[in-house]
Amino acid sequence: MESVAEPVISVRGARATLGSRPVLRGVDLTVGRGEVVALLGANGSGKSTAVRSVIGQVPLTGGSVSLFGTELRRFRAWSRVGYVPQRTTATSGVPATVREVVASGRLSRTRLGWPSRGDRAAVRRAIELVGLADRSRDSVSALSGGQHQRVLIARALAAEPELLIMDEPMAGVDLASQEILAGTLREQVAAGTTVLLVLHELGPLEPLIDRAVVLRDGCVVHDGPPPRAVGQHALPGHDHVHPHAADEPLRTGLLS
Amino acid sequence: MEFLQDPFMQRALLAAVLVGVTAPAVGIHLVQRRQALMGDGIGHVALTGVGLGFLLSTNPVWMATLVAVVGSVAMELIRAYGRTRGDIALAMLFYGGMAGGVMLMNLSGTGSNANLTSYLFGSLSTVSDEDVVAICLLAGFVLLVTVGLRRQLFAISQDEEFARVTGLPVRALNLLVAVTAAVTVTVAMRVVGLLLVSALMVVPVAAAQQVTRSFAVTFVVAVAIGVAVTLAGTVTTYYQDVPPGATIVLLAIAVFVLFTALATPLARRRSRAVEAAAGAAGTECDVDVPATRRPAGDAAV
Ligand SMILES: Nc1ncnc2c1ncn2[C@@H]1O[C@H](COP(=O)(O)OP(=O)(O)O)[C@@H](O)[C@H]1O
Ligand SMILES: [Mg+2]
């Protein structure tokens, strides 16, 4: 058992290069138990690369990552981690229902075995948590963007993880789904789940967030209390996916 | 039902059922990961194995299996690690496999052109007892993998990165899919032929997904279509002098056309059923829309 003070995520001086371009240039990131940390920054600043390096999906050229006090290379307890990737529009070639997709999140507990009654109950609970119980037999291709995002979150919740890592869970999500997601997340946080989430802006999740880390060009430029959103970024329903030029100053209020 | 008395036909029907089950069972995973044409590639490579089998006077089915497995593992490695030139590497493998097979067949004394044709397009009349044993063993392996590991294979095909984060041995499972696909190609080779193997992997799945919403039901319907068309095609060859592979594939395509035609009315009926289940209330837009805020109108210019 690791000590209570042991951080859940510890990234030290992470460097990564994608295609010959340095994308992370010495990122430090620590997330303590029960903390909710938002990773902010313009498009292309390296947020996705940073969270993907935390779960071992981007090879580091320098620095180190450990999860729950275990060096990533030796980390095996994947059922403690729930990952929600940045949503892509690509769908698979064969129809799949909401329940089937969410059930694949449970494999971190069952691996190569057969699903038990408990596994099925956990899948059902995860679908209920994101408010899709009435759609669980529907094909995921029949869902809206926001509903699809909720499916990906339910898939991460199916393993009942202690740590949730989410990449832009609110991007392109309709207002109704945003409210449901904020409610789901609130419950998880109240139950003690640690959360690292990439956001383009704080939006409706603002009251949940303990700390914000801001990236710019692969470097941490702020690590502290969440910056107050300013201007139209604070408005709900504001388009989340507009492009930012890489060198556009961050409009986070605290920083400029 | 006189054809059931014919030992010849019994062997052919057994082989046909096994092909009808295994080809779509593997095909659904290939379609899901958008590698629908992988079966075609393996078929090309397997021909080199057939040629080697003739040259070395061993059973061509086992030799084809061996070479197809090696080829499919190479294809998977090219997919996983290959960069931009991956497609060129695959093309070399496919055409090299086909040309190599034709060449080896010619070099061997026993491999005649008639033999070549029977492997390319399938030939039920030349299925031997030895072939049936090989087909049964290989089909057993394919079913064990595709049914026993269907949830795991579904997960890696649906979202490979997510599957890795659940701790599944993704690399090993990807190789297993490739090997299973190779084995299926050689199972189906004697019945539909190497050039049409891929059709039986892909077309029943494509037909099934016209009318299904879930992976599990697509799997079952695709296998049912596979068995139906292989049996129907085999029985047809008993009464008519037609090539089995071509007959089976044309039947499968006919099923695809039929299911595609059924898809729209079926979807309409389903949405009506959903409305009925929701009751009279809730489906109409009877919610009051808040009046849109009018511009103040006193904007100074
Ligand atoms: N696979 C890749 N190959 C090359 N460059 C990449 C790849 N993935 C991302 N990048 C580049 O890395 C930078 C950071 O990307 P990303 O981490 O996705 O940013 P963010 O999530 O903050 O928008 C971008 O400039 C992007 O173009
Ligand atoms: Mg991103």
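Tell me, what is the FRET efficiency for residue B:129 and residue B:161 to the nearest 0.05, using R0 = 35 angstrom and their Cβ-Cβ distance as r?
0.15
Accessible area per residue, 1.4 Å probe, Å², for chain B: what's the number?
That works out to 48 Å² per residue.
Enumerate the helices in chain B for which the Kyte-Doolittle hydropathy averages -0.5 or more and the C-alpha atoms extend at least 20 Å along the helix's axis, using complete DSSP H runs.
B:7-32, B:38-55, B:60-81, B:86-107, B:129-148, B:170-192, B:215-239, B:244-278
Subtracting the Cα-Cα distance from 0.36 nm times the residue separation, let me have the gained length for residue B:240 to residue B:91 in nm, one decimal.
49.9 nm
Solvent-accessible area per residue for chain A at a 1.4 Å probe radius, Å²?
Dividing the accessible area of chain A by its residue count gives 44 Å².
Is there a quick way to get the dipole size of the range B:2-284? I mean about its Cα centre, with the Cβ of Lys and Arg at +1 and of Asp and Glu at -1; what is the value in debye to the nearest 20?
That gives a dipole near 820 debye.
In the range A:38-83, which residues give up 30 Å² or more of accessible area once the other protein chains are added, compared with their chain alone (1.4 Å probe)?
Residues of the range A:38-83 that lose at least 30 Å² of accessible area once the other chains are added: A:57, A:78, A:83.
About its Cα centre, how strong a charge dipole does the range A:50-203 have in debye, to the nearest 20, once Lys and Arg get +1 and Asp and Glu get -1 at the Cβ?
Roughly 720 debye, rounded to the nearest 20.
Rounded to the nearest 0.05, what FRET efficiency is calculated for residue A:217 and residue B:231 with R0 set to 51 Å and r the Cβ-Cβ distance?
0.20
Taking the Cβ-Cβ separation of residue B:144 and residue B:275 as r and a Förster radius of 41 Å, what is the calculated FRET efficiency to the nearest 0.05? Write down the numbers at each step before the final one.
Numbers: r = 43 Å, r/R0 = 1.05.
Here the calculated transfer efficiency is 0.40.
What value, in deg cm²/dmol to 500, does the helix sum -39500 (n - 2.57) over DSSP H runs of n ≥ 4 give at 222 nm once divided by the residues of chain B?
It comes out at -25500 deg cm²/dmol, rounded to the nearest 500.
When chain B is treated as a GNM, springs tying every alpha-carbon pair under 10 Å, which of B:45, B:203, B:257 comes out with the largest mean-square fluctuation?
Its mean-square fluctuation being the largest, the pick is B:257.
Using only the alpha-carbon atoms of chain B, report the extent along each of the three principal axes, biggest first, to the nearest angstrom.
Principal-axis extents of chain B (Cα, largest first): 97, 52, 38 Å.
Which residues in the range B:157-194 have a backbone N closer than 11 Å to a point placed 7 Å from the Cα of residue A:71 along the Cα-to-Cβ line?
Those under the cut-off are none; the list is empty.
Taking amide H positions as placed in the peptide plane 1.01 Å from N, state which residues far from residue A:212 in sequence (5 or more) or on other chains have amide H under 5 Å from it.
A:38, A:224
Just the number, please: carbon plus sulfur as a percent of the accessible area of the protein assembly as shown, 1.4 Å probe, no ligands or DNA/RNA counted. Write out the running numbers ahead of the final one.
Working: 15460 of 25650 Å².
Summing carbon and sulfur atoms, their accessible area is 60 percent of the total for the protein assembly as shown.
May I ask for the accessible area buried between chains A and B, both sides summed, probe 1.4 Å, to the nearest 100 Å²?
That pair of chains buries around 2600 Å² in total.
Of the options A:194, A:92, A:44, report the single residue whose Cα projects farthest towards the positive end of the charge dipole of the range A:2-234 (beta-carbon charges: Lys, Arg +1; Asp, Glu -1).
A:92
Describe numerically, in nm with one decimal, the distance between label points set 7 Å from Cα along Cα→Cβ at residue B:103 and at residue B:224.
Label-label distance for residue B:103 and residue B:224, simple model: 4.8 nm.
What does the helix-only formula give at 222 nm for chain A: each DSSP H stretch with n ≥ 4 adding -39500 (n - 2.57), the total divided by the residues, and the result rounded to the nearest 500 deg cm²/dmol?
Mean residue ellipticity, 222 nm, calculated: -7000 deg cm²/dmol.
The values are calculated or read from the model by the stated rules, or taken from the named source; none is laboratory data. Only a predicted model underlies this, so the values are computations on that prediction, with no experimental measurement involved. FYI the Cβ positions are ideal-geometry reconstructions off the backbone, even for glycines, and counts take in every protein chain you see. Note: accessible area is taken over every heavy atom of the protein model, side chains too, but ligands, DNA and RNA are not part of it. Shrake-Rupley method; radii C 1.70, N 1.55, O 1.52, S 1.80 Å.
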